[in-house]
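These notes concern the structure reproduced below.
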Amino acid sequence: MYNYTKQYINGEWIASTGEETIDVYNPATEEKIGAISSGTEDDLNKAVAAARAAFPDYAKTTREERIQLLENIATEYEKRKDKLINIMIEELGSPLFFTEEVQYTMGYNHFKATADALRNFEFTEDRENSFIQKDAIGVAGLITPWNFPTNQISTKLASALASGSTVVFKPASYTPFASILLTEIMDAAGVPKGVVNLVNGKGSTIGNGISNHPDIDFVSFTGSGKVGSQIMQNGAKDIKKVALELGGKSPIVVLDDADVETVARTAISNIASNTGQICSTGTRIFIPKGMYQSFVDMVQKLVPEYPVGDPKDENTFMGPQVSKDQWEKVQDYIQQGIDQGGDLIVGGAGKPEGLTTGYYSRITMFGNLPHDGALAQEEIFGPVMTVFTYETIDEAITLANTTIYGLAGYVVGNDPDNLRKVAKNIRAGRITINNAAPDFSAPFGGFKQSGIGREWGDYGIEEFLEPKTILGLPK
């Protein structure tokens, strides 16, 4: 059992001013695995005051000091690899292979990539008639989701620390323990007191409090569009800077020269990785009309190679949904697809055979559903995909862009000219061609209702800075 009923404020673990706690459950077993403190407004005020007091001195630290701090964090992070992996398997239900290769690794890579970006980052620019200086923004409030317990908080923390800003952060209540361990890593790495502060609690109290707090200068949030909209409204009261990484309904555009097996594996791995609980995952696939049946046949053949089950089993590809509520939401969407008469290619409603305990869904794909229906337009956050056909590349691009979202897009094929044409015309913040590896130095973020601002690398650092123009500066 993990019982963490203290908050990390001003370099110390202190008791919350409230007595209420929040229980945390393992989604694979449905058993309680621990509890956290349900923080109060007083806890948040203490954390913000600590961050505010620490800001002047931390903002004056040198580039070299911050690089060393990020390197120290990466070193301490590596020391706790097994513990981080085990915690994320338990609190999220993330399968062993995915937790090690993706969840754990992404957190580590953000600290290393940000340290590298900081080495050559230009904080000043001397122009002919002006001098531009980029100052740390101040106190940043970070609010992170449950689907990647170390990834999102690591990129935000790394960028904030690189910029010279101080932090108050609130992780998701479904998956708080990895963030608590990450806070212990900050402490062990020598982060100065008050620079990083952790307050656990309910979104309605701590998350809402962060976006409303007059002494927080900037809010960086990853999560749902509904909450992101509320954060913007809260921040508008005092014209607070806001960065949002929100939802997605990302397209996969398949060219007519693509290998069918590669396409099928791309589709399955997109919706099954992290149980479909990835904001940038491809959930709408557009296939040439003549390829549809061979794609369907290949998917049905290959799905058994992607086992659903115990996340601790090294052979498991897909684990459970994070909670009963999330499972029920996914099941509702699947039932809508069935009720609308969609072609059920694989999967369907209910749990996979033999899995009676745990919030497990089935890898599910539908064909022959309307482009403007719920399954084609709304973010499901589960292992559900809609399959569409097209006749021309221009039609595929138009259909791919028919969504309120624009976080990511994927292209599969061989012809270089067509790959370039599709990739450059999808309206989204990150396009991946033929399952290319991620670049942690490149910006991540979305167009349209997928968000505002960018994370990762030098673009992430920029979010935590304010440019100042000085005219007539003596040479």
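The values are calculated or read from the model by the stated rules, or taken from the named source; none is laboratory data. All values derive from a computational prediction rather than experimental measurement. Ideal geometry is used to build each Cβ from the backbone, glycine not excepted, and the neighbour counts take in all protein chains shown. Just so you know, the surface numbers come from the protein's heavy atoms only, side chains and all, with ligands and any DNA or RNA stripped out. Shrake-Rupley method; radii C 1.70, N 1.55, O 1.52, S 1.80 Å.
Here V191 passes the criteria (1) closer than 18 Å to S441 by Cβ; (2) hydrophobic (A, V, I, L, M, F, W, C); (3) not in a helix (DSSP H, G or I) except the one numbered (1). Cβ-Cβ under 9 Å, sequence separation 6+ or interchain: first residue in segment 112-138 and in contact (Cβ under 8 Å) with a residue 60 or more places away in the chain, partner acidic (D, E) and assigned to a loop (DSSP other than H, G, I, E, B). Which pairs? Going by the 9 Å Cβ cut-off, the qualifying pairs are A113/D439; K134/E122; I137/D217; G138/D215; G138/D217.
Residues are listed down the side, and each one gets a yes or a no for (1) on the phi > 0 side of the Ramachandran plot; (2) open to solvent by 10 Å² or more (accessible area, probe 1.4 Å):
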site: P27; (1), (2): no, no
site: A53; (1), (2): no, yes
site: P56; (1), (2): no, yes
site: A59; (1), (2): no, yes
site: N72; (1), (2): no, yes
site: K79; (1), (2): no, yes
site: L84; (1), (2): no, no
site: M88; (1), (2): no, no
site: G93; (1), (2): yes, no
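Cβ contacts < 8 Å: first residue under 16 Å from E12 (Cα atoms) and at pLDDT 95 or above, restricted to segment 42-62; second residue open to solvent by less than 80 Å² (accessible area, probe 1.4 Å) and assigned to a helix (DSSP H, G or I), any location; separation 6+ or different chain. Result? Final answer for the pair search is D43/I206; L44/T205; L44/I206; L44/G209; L44/I210. Residue count for segment 444-475, restricted to those that are touching a Gly at 6+ places or on another chain (Cβ under 7 Å) and in a loop (DSSP other than H, G, I, E, B): 6. Yes or no: segment 407-424 includes at least one residue that is surrounded by fewer than 17 Cβ atoms within 10 Å (Cβ to Cβ), touching a residue at least 24 places away in the same chain (Cβ under 8 Å), closer than 20 Å to G228 by Cα and over 17 Å from the mean Cα position of the chain (by Cα). No: segment 407-424 contains no residue that is surrounded by fewer than 17 Cβ atoms within 10 Å (Cβ to Cβ), touching a residue at least 24 places away in the same chain (Cβ under 8 Å), closer than 20 Å to G228 by Cα and over 17 Å from the mean Cα position of the chain (by Cα). Can you pull out every residue in segment 225-261 that is of a type in the set (S, T, N, Q) and either open to solvent by 60 Å² or more (accessible area, probe 1.4 Å) or under 30 Å from V139 (Cα atoms) (or both)? Once the filter is applied, which keeps residues that are of a type in the set (S, T, N, Q) and either open to solvent by 60 Å² or more (accessible area, probe 1.4 Å) or under 30 Å from V139 (Cα atoms) (or both), segment 225-261 yields S229, Q230, Q233, N234. Among the numbered conditions (1) farther than 15 Å from I252 by Cα; (2) surrounded by fewer than 21 Cβ atoms within 10 Å (Cβ to Cβ); (3) touching a helix residue (DSSP H, G or I) at 6+ places or on another chain (Cβ under 8 Å), the only one that I363 does not meet is (2).
Could you tell me whether any residue of segment 166-185 is open to solvent by less than 10 Å² (accessible area, probe 1.4 Å), in a loop (DSSP other than H, G, I, E, B) and either without any contact (Cβ under 8 Å) to a residue 12 or more places away in the chain or over 21 Å from S224 (Cα atoms) (or both)? Scanning segment 166-185, I find no residue that is open to solvent by less than 10 Å² (accessible area, probe 1.4 Å), in a loop (DSSP other than H, G, I, E, B) and either without any contact (Cβ under 8 Å) to a residue 12 or more places away in the chain or over 21 Å from S224 (Cα atoms) (or both), so the answer is no.
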